[in-house]
Each structure stands twice: as C-alpha cells, then as structure tokens.
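Peer 1: Handing you this structure, nothing more for now.
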Amino acid sequence: MRVYLAGPIFSAAERDWLGALATRLRVSGFDCFVPHEHLDQAPPTPVAVYALDATALRGCDALLAWLDGPSVDDGTAAEIGAFAELVHLDPERHRGLVGLATDLRLERRRGLAPGDGINLFVAGAIATYGRLCWTVEEAIAALHELAAG
C-alpha cells in the first residue's frame, strides 16, 4: 500500500522526524511518498509544490498526517482535506486517513475539547475517513487495517 506522509517540513528537525517515520513505515511494508524527498528545486515554487503533492495524493492509497504542534500545519491540513475528498469519491481506491498526534499539548486536551484540540474540520475529516492515533505503533497498525480492507 502506498502512503502519503504529510506533515510540516520547514525545519531540519521536522524533516528528520518525518524521515525516521517514513523509515519505520517502509520497514513495516509500506511504500511511502514523503514530499520533501522529491523537492529538487530550492526554493521550490508554489506551482511545483502543488503539482508534485496533488499528483502524489491522487496516487496514494492512504494518508498518514503528523498533527503535532500548537496547531495543525496549514499544508498538512490542506492535504488532509484533499485526501478526504479522494476517499469520499473513490473509497475502493483511496482507503482512508490516519492522523498521528504525539504532542503532549494535544494529549492534555484529549477528550476535553471537541476534536481533542485539533481543528474541527481536520478532526472531522479524520474521524469520517479514518482515525486519530496517539502513537506511531498505533498509526502503523491503523495503516495495516486500511491495507487489509
């Protein structure tokens, strides 16, 4: 199963974390598309980023979105919305979404606020077409469930 790995990529730490997560996914049997691994233009243009990411989203079976931070990254939120619509239009092709929240700020809000402190549209897309996970292991298990159908 091909997984689009969404998350912020603005710092070396973010890219390193997503790279390590992609490695874990690949070891677990998933083929991953990680946007920053495919950006060969520095700095990339908005049109190039959109073309690359939109094509990749359409070619993936599932989306794993890293949600950590004081708010969900705006690009990640856009990717979640776009992929939710792909799942809605063709659930046989596009299996679903997995949100991954490991941030203690979100964990403290877990169950206390609608959407567990995540933007309500983003949380709604994930709840409608997938599930929210609180550990990497849980997210990998959710992707295996999506792959199994």
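Just so you know, all these numbers are worked out from the coordinates, no wet-lab data involved. Worth saying up front: this structure is predicted, and the values here are computed from it rather than measured. For neighbour counting, all protein chains shown are included, and Cβ atoms are generated from backbone atoms with ideal geometry for every residue, glycine included.
Peer 1: Once you keep just the Cα pairs under 8 angstrom separated by 6 or more residues, what percentage relative contact order results for the chain?
Peer 2: Values: 212 pairs, mean separation 35.8, N = 149.
Relative contact order of the chain: 24 percent.
Peer 1: Per-residue HN-Hα couplings for the stretch 10-20, Karplus 6.51 cos²θ - 1.76 cosθ + 1.60 at θ = phi - 60°, whole Hz, x for Gly and Pro?
Peer 2: After applying 6.51 cos²θ - 1.76 cosθ + 1.60, I find 8, 10, 4, 5, 5, 5, 5, 5, 5, x, 5 Hz.
Peer 1: In debye to the nearest 20, how big a dipole does the stretch 2-148 give about its Cα centre with +1 on each Lys and Arg Cβ and -1 on each Asp and Glu Cβ? The partial results should precede the final answer.
Peer 2: Numbers: 12 positive and 20 negative charges, 46 e Å.
The dipole of the stretch 2-148 has a size of about 220 debye.
Peer 1: Name the residues whose placed amide hydrogens come within less than 5 Å of the amide hydrogen of Ala65, ignoring near sequence neighbours (fewer than 5 apart) on the same chain.
Peer 2: Those qualifying (amide H under 5 Å, at least 5 residues apart or on another chain) are Ala6, Val98, Gly99, Leu100.
Peer 1: Positive end of the dipole of the chain, charges at C-beta (+1 Lys, Arg; -1 Asp, Glu), about the Cα centre: which of Cys133, Met1, Tyr50 has its Cα farthest in that direction?
Peer 2: Positive-end residue among those listed: Cys133.
Peer 1: Using the count of nearby Cβ atoms within 10 Å as a rough guide to exposure, how do Phe83, Phe10 rank from fewest to most? Could the numbers behind the result be given before it?
Peer 2: Details: Phe83 24, Phe10 10.
Ordered by Cβ neighbours within 10 Å, fewest first: Phe10, Phe83.
Peer 1: Provide the per-residue ³J(HN,Hα) series for the stretch 66-73, in order, calculated from phi with Karplus coefficients 6.51, -1.76, 1.60 and θ = phi - 60°, each as a whole number of Hz, with x at glycine and proline positions.
Peer 2: 7, 9, 4, x, x, 8, 5, 3
Peer 1: To continue, here is another question. Starting from the Cα gyration tensor of the stretch 44-83, take the square roots of the eigenvalues, sort them a ≥ b ≥ c, and report rounded, prolate or oblate (rounded when a/c is under 1.5, otherwise prolate if a/b is larger than b/c, else oblate). Display every interim value, and only then the final one.
Peer 2: Numbers: a/c = 2.65, a/b = 1.28, b/c = 2.08.
The shape class here is oblate.
Peer 1: Return Val136, Val98, Val87 ranked ascending by Cβ neighbour count within 10 Å, so the fewest neighbours appear first.
Peer 2: Details: Val136 17, Val98 24, Val87 21.
If I rank by nearby Cβ atoms, fewest first, I get Val136, Val87, Val98.
Peer 1: In addition: Can you tell which of Leu57, Leu132, Leu120 shows the greatest fluctuation in a Gaussian network model of the chain with Cα springs below 10 Å?
Peer 2: Leu120
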